1. Mind checking which pairs have a first residue in region 9-32 that is within 20 Å of Ala71 (Cβ to Cβ) and a second that is at pLDDT below 95 and not in a helix (DSSP H, G or I), Cβ under 9 Å, 6 or more apart or different chains?
2. Need pairs with beta-carbon distance below 7 Å; first residue over 19 Å from Ser98 (Cα atoms) and within region 125-141, second at pLDDT 50 or above and of a type outside the set (Val, Ile, Thr); sequence gap 6+ or separate chains.
3. I'd like the residue in region 81-103 that is of a type in the set (A, V, I, L, M, F, W, C) and surrounded by fewer than 10 Cβ atoms within 10 Å (Cβ to Cβ) and, out of all such residues, is farthest from Ser125 (Cα to Cα).
4. If Gly66 satisfies all but one of (1) closer than 22 Å to Ile23 by Cα; (2) within 15 Å of the chain's Cα centre (by Cα); (3) assigned to a loop (DSSP other than H, G, I, E, B), what's the number of the condition it fails?
5. Could you tell me whether any residue of region 111-130 is surrounded by 16 or more Cβ atoms within 10 Å (Cβ to Cβ), of a type in the set (Lys, Arg) and either modelled with pLDDT under 95 or under 13 Å from the mean Cα position of the chain (by Cα) (or both)?
6. Please verify whether region 1-21 includes one or more residues that are farther than 18 Å from Gly105 by Cα, β-branched (Val, Ile, Thr) and outside any strand (DSSP E or B).
7. If the Cβ limit is 6 Å and pairs must be 6+ apart or interchain, which residue in region 86-113 that is within 22 Å of Ser65 (Cα to Cα) pairs with which residue that is hydrophobic (A, V, I, L, M, F, W, C) and outside any strand (DSSP E or B)?
8. Looking only at region 33-40, decide whether some residue is among the charged types (D, E, K, R), in a helix (DSSP H, G or I) and touching a residue at least 12 places away in the same chain (Cβ under 8 Å).
Amino acid sequence: MSFPVEKSSSEWRAQLNPEQFKILRQKGTEPAFSGKYDKHYPAEGVYACAACAAPLYTANQKFKSGCGWPAFFDTIPGAVTRHTDRTLGMERTEIVCSNCGGHLGHVFKGEGFPTPTDERHCVNSVSLKFQDSDPVKESKA
């Protein structure tokens, strides 16, 4: 799969810290309840990709799931790409940044959360960078 932002592993290593590289480029997972955005609930703003700064989720798409990772019920349109992940002996839906291919986490459906989509995008905090302003709203103004 190709993405608009393509870099070599050495370029990503130079740009990202070791934890970011492990998660974003090698599909790692941060420990549950350890990420800085797990309990972060601003009224406005955008969660962008920590690797390429592409906007991924708005603050109003985030919800309290209790899973130990930031949870979102939807994305900014076109921001996230889904594909099947068959690691760990099961089939899951992996989500990556549509701009750079950075690993974000996984999507789970049908868990019964009272959200508009009944989906939980379980995202590593390390994969995100919060921005107070909302570039999606600003571009429509």
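1. Matching pairs, first to second residue: Lys27/Asp85.
2. Listed pairs, sorted by first residue: Asp132/Gly45; Ser133/Gly45.
3. Taking region 81-103 as the starting set, the residues that turn out to be of a type in the set (A, V, I, L, M, F, W, C) are 88, 90, 95-97, 100.
Filter once more, keeping what is surrounded by fewer than 10 Cβ atoms within 10 Å (Cβ to Cβ): 88, 90.
On the way: Leu88: 21, Met90: 23 Å.
Selected residue: Met90.
4. That leaves (2) as the condition not met.
5. Of all residues in region 111-130, those surrounded by 16 or more Cβ atoms within 10 Å (Cβ to Cβ) come to 113, 115, 119-130.
Of the ones still in play, those that are also of a type in the set (Lys, Arg) are 120, 129.
This time we only want the ones that are either modelled with pLDDT under 95 or under 13 Å from the mean Cα position of the chain (by Cα) (or both), so: 120, 129.
There is at least one residue in region 111-130 that is surrounded by 16 or more Cβ atoms within 10 Å (Cβ to Cβ), of a type in the set (Lys, Arg) and either modelled with pLDDT under 95 or under 13 Å from the mean Cα position of the chain (by Cα) (or both).
6. yes
7. Cys97/Ala54; His103/Leu24
8. At the first step, the residues of region 33-40 found to be among the charged types (D, E, K, R) are 36, 38-39.
Those left that are additionally in a helix (DSSP H, G or I): none.
So far as region 33-40 goes, no, none of its residues is among the charged types (D, E, K, R), in a helix (DSSP H, G or I) and touching a residue at least 12 places away in the same chain (Cβ under 8 Å).
The values are calculated or read from the model by the stated rules, or taken from the named source; none is laboratory data. Since the structure is predicted, the reported quantities are computational estimates derived from the model, not experimental observations. Because the Cβ atoms are built from the backbone with ideal geometry, glycine has one as well, and the counts that use them run over all protein chains shown.
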